[in-house]
1. Can you name the number of the only condition in (1) touching an Asp or Glu at 6+ places or on another chain (Cβ under 6 Å); (2) modelled with pLDDT under 90; (3) part of a helix (DSSP H, G or I) that Arg124 fails?
2. Tell me the residue from Arg69, Arg109 that is more than 24 Å from the chain's Cα centre (by Cα) and not in a loop (DSSP other than H, G, I, E, B), please.
3. How many residues does the range 60-112 contain that are touching a Phe, Trp or Tyr at 6+ places or on another chain (Cβ under 8 Å) and among the hydroxyl-bearing types (Ser, Thr, Tyr)?
4. Does the range 87-100 hold any residues that are over 20 Å from Glu185 (Cα atoms) and either among the β-branched types (Val, Ile, Thr) or exposed (fewer than 15 other Cβ atoms within 10 Å of the Cβ) (or both), and which are they?
5. Return the total of residues in the range 50-86 being of a type outside the set (Asp, Glu) and surrounded by 14 or more Cβ atoms within 10 Å (Cβ to Cβ).
6. Across the range 130-160, what is the number of residues that are modelled with pLDDT under 75 and surrounded by 11 or more Cβ atoms within 10 Å (Cβ to Cβ)?
7. Could you say whether any residue in the range 32-49 is more than 21 Å from the chain's Cα centre (by Cα), over 21 Å from Ile107 (Cβ atoms) and not acidic (Asp, Glu)?
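The values are calculated or read from the model by the stated rules, or taken from the named source; none is laboratory data. Keep in mind that this is a model prediction, so the values were computed, not measured. Positions of Cβ are backbone-derived with ideal geometry, glycine not excepted, and every protein chain shown enters the neighbour counts.
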Amino acid sequence: MKALTLLKKGMPVLMVASALVMTGCASKPNISRVDVDKEIALSDRWNDKDSQLVAEEMINDMLSFPWARDFEMNNNRRPAIIIQRISNKSHEHIAVDTFVNDVKRSIIRSGRANFVAGGEERQRIRDERQDQELNSRDAKKQANEKAADFALSGSINSIVDQYDDERVTFYQVDMKLVDMESNIEVWNGQKKIKKYKN
C-alpha cells in the first residue's frame with residue numbers, strides 16, 4: 001500500500017525499493033532477560049551450559065577418588081591444587097577461561113580442596129605483595145606462599161561429522177590430576193558430549 005502511494009507520487013521504482021528495504025532493516029529485535037541457569041541452545045556449538053555441566057560432573061568424579069581423603073588424613077589439611085593448563089584443541093573457539101572458572105568453583109564449593117594461583121595471576125600477586133612491603137605497615141611477607149600439592153591439566157577436543165544439512169558434533173574433555181611430589185597420576189577423567197543438528 002505504501003509502495004503504491006510512493007509510486008503514484010512519481011518516485012522512481014529504485015527509490016521505492018530502497019525505502020522498503022531500509023524500513024525492513026530498521027525493525028527492532030525482540031530482546032528479553034532470561035534466567036542464567038536456563039539452557040538456550042541456538043546452535044550445536046559448545047555453550048555455557050556445556051561448560052558448567054562438564055565442570056560439575058568431572059569434579060564430582062575427581063573427588064570420588066581417594067586422593068583427597070588420603071592427603072587430608074596424612075597431612076591434617078586440605079590439598080592445594082594448581083591448574084597447569086586446559087587446552088582448547090577443538091574445531092571452534094571456546095572460552096577456556098570460563099570453563100577453568102567453572103572447574104575452580106566446583107572444587108571450592110565441594111570444600112574438599114583449595115586452589116593456589118598460577119602463572120600470570122601468581123606473578124601479579126607477587127608484584128602486589130612486593131609493592132605492599134614497600135608501602136604498607138601490615139604488608140604480607142614474601143616467601144610465605146602455599147605450594148601446590150596437585151596439578152590439574154586437560155584438553156577439550158572435538159570431531160564434526162556432516163552430510164548436507166545434518167551435522168553431529170562430538171566433544172571430548174579429558175582431564176588429569178597429578179601429585180606434584182611423586183608425579184603419580186591420582187585421577188584421570190573424561191566427559192563426552194554429542195550434539196545432533198538437522
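1. Failed condition: (1).
2. Numbers: Arg109 fails: more than 24 Å from the chain's Cα centre (by Cα).
Only one candidate passes the filter, namely Arg69.
3. The total comes to 1.
4. The initial filter retains those residues of the range 87-100 that are over 20 Å from Glu185 (Cα atoms), namely 88-99.
Within the range 87-100, Lys89, His91, Glu92, His93, Ile94, Ala95, Val96, Asp97, Thr98 meet the criteria.
5. Filtering the range 50-86 down to residues of a type outside the set (Asp, Glu) leaves 51-55, 58-60, 62-69, 71, 73-86.
Retained after the next criterion (residues that are surrounded by 14 or more Cβ atoms within 10 Å (Cβ to Cβ)): 51-55, 58-59, 62-63, 65, 67-68, 71, 78-84, 86.
Looking only at that region, the number is 21.
6. To start, the set of residues in the range 130-160 that are modelled with pLDDT under 75 comprises 130-145.
Narrowing the set further to residues that are surrounded by 11 or more Cβ atoms within 10 Å (Cβ to Cβ) leaves 130-133, 139-140, 142, 145.
Within the range 130-160, residues that are modelled with pLDDT under 75 and surrounded by 11 or more Cβ atoms within 10 Å (Cβ to Cβ) number 8.
7. Our first condition is that a residue be more than 21 Å from the chain's Cα centre (by Cα); within the range 32-49, this holds for 32-33.
Subsequent filtering for residues that are over 21 Å from Ile107 (Cβ atoms) retains 32-33.
Next, only the ones that are not acidic (Asp, Glu) stay: 32-33.
Yes, there is a match, as at least one residue in the range 32-49 is more than 21 Å from the chain's Cα centre (by Cα), over 21 Å from Ile107 (Cβ atoms) and not acidic (Asp, Glu).
One line per residue, one yes/no per condition, for (1) in contact with a helix residue (DSSP H, G or I) (Cβ under 8 Å, 6 or more places away or on another chain); (2) touching a residue at least 60 places away in the same chain (Cβ under 8 Å):
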| site | (1), (2) |
| --- | --- |
| Ser43 | no, yes |
| Val54 | yes, yes |
| Met58 | yes, yes |
| Glu72 | no, no |
| Ile86 | yes, yes |
| Val96 | no, yes |
